[in-house]
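Each remark here refers to the structure printed beneath this line.
The values are calculated or read from the model by the stated rules, or taken from the named source; none is laboratory data. The shown structure was predicted, so the numbers you read here are calculated from the model rather than taken from an experiment. No Cβ is skipped: glycine too gets one built from the backbone with ideal geometry, and neighbour counts run over all protein chains shown.
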């Protein structure tokens with residue numbers, strides 16, 4: 001199989017002199033920068049890296065995905081002043097419609113990744129990965145959130161209507177959590193609240209605070225995978241975050 005460099009060489013337009021003879025490479029300075037021949041190789045490498053990051057997120061290995069993002073695509077999670085400039089939308093009332101599931105702002109990307117990492121740490125059993133041969137993508141079990149539910153749960157629009165989760169009255173120790181694990185989860189939760197508090201937009205802060213309250217409800221259930229918060233543990237959540245990160249990398 002020819003290399004990307006050979007492909008460019010063989011498919012490039014050949015330059016001819018006045019007699020119709022091909023001008024050999026090196027006869028005069030090339031008009032193409034040396035890096036241009038490496039561009040396809042770089043693109044292929046980036047495709048492989050994006051795929052690796054996506055697979056990590058889909059596998060629930062969020063911290064590893066964040067490490068690779070910071071290593072290969074550092075600007076994706078790096079905030080810049082321009083990211084907080086919010087263009088007006090076509091909303092007739094003059095407001096803007098904003099959905100964090102499609103956002104490429106670093107603050108929202110990092111928060112969605114960290115929230116997913118918190119959710120993964122709260123699991124009481126391994127997640128069964130859906131297989132296309134078992135059920136079509138559009139078929140979703142009744143106790144699992146649909147893709148639109150996931151987008152709604154990650155919606156930072158001023159019109160977000162995600163209802164708060166009513167936490168049950170449970171006695172201490174109903175869910176058997178190792179003290180060290182519980183301390184770790186509490187620490188993660190505090191860091192999430194710190195990230196939310198740092199958001200420059202008040203409406204974003206309020207919606208994300210509600211999201212953290214909802215997600216925190218996972219800890220109140222002995223078997224959250226079979227509770228009213230099961231949608232937060234669904235595979236579709238991983239997919240939504242993976243798609244969002246992939247879009248952000250492509251726009252880098």
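Taking (1) in a loop (DSSP other than H, G, I, E, B); (2) in contact with a helix residue (DSSP H, G or I) (Cβ under 6 Å, 6 or more places away or on another chain) in turn, residue 252 satisfies each apart from (2).
Restricting 52, 120 to residues that are exposed (fewer than 15 other Cβ atoms within 10 Å of the Cβ), outside any loop (DSSP other than H, G, I, E, B) and at pLDDT 50 or above narrows the list to 52.
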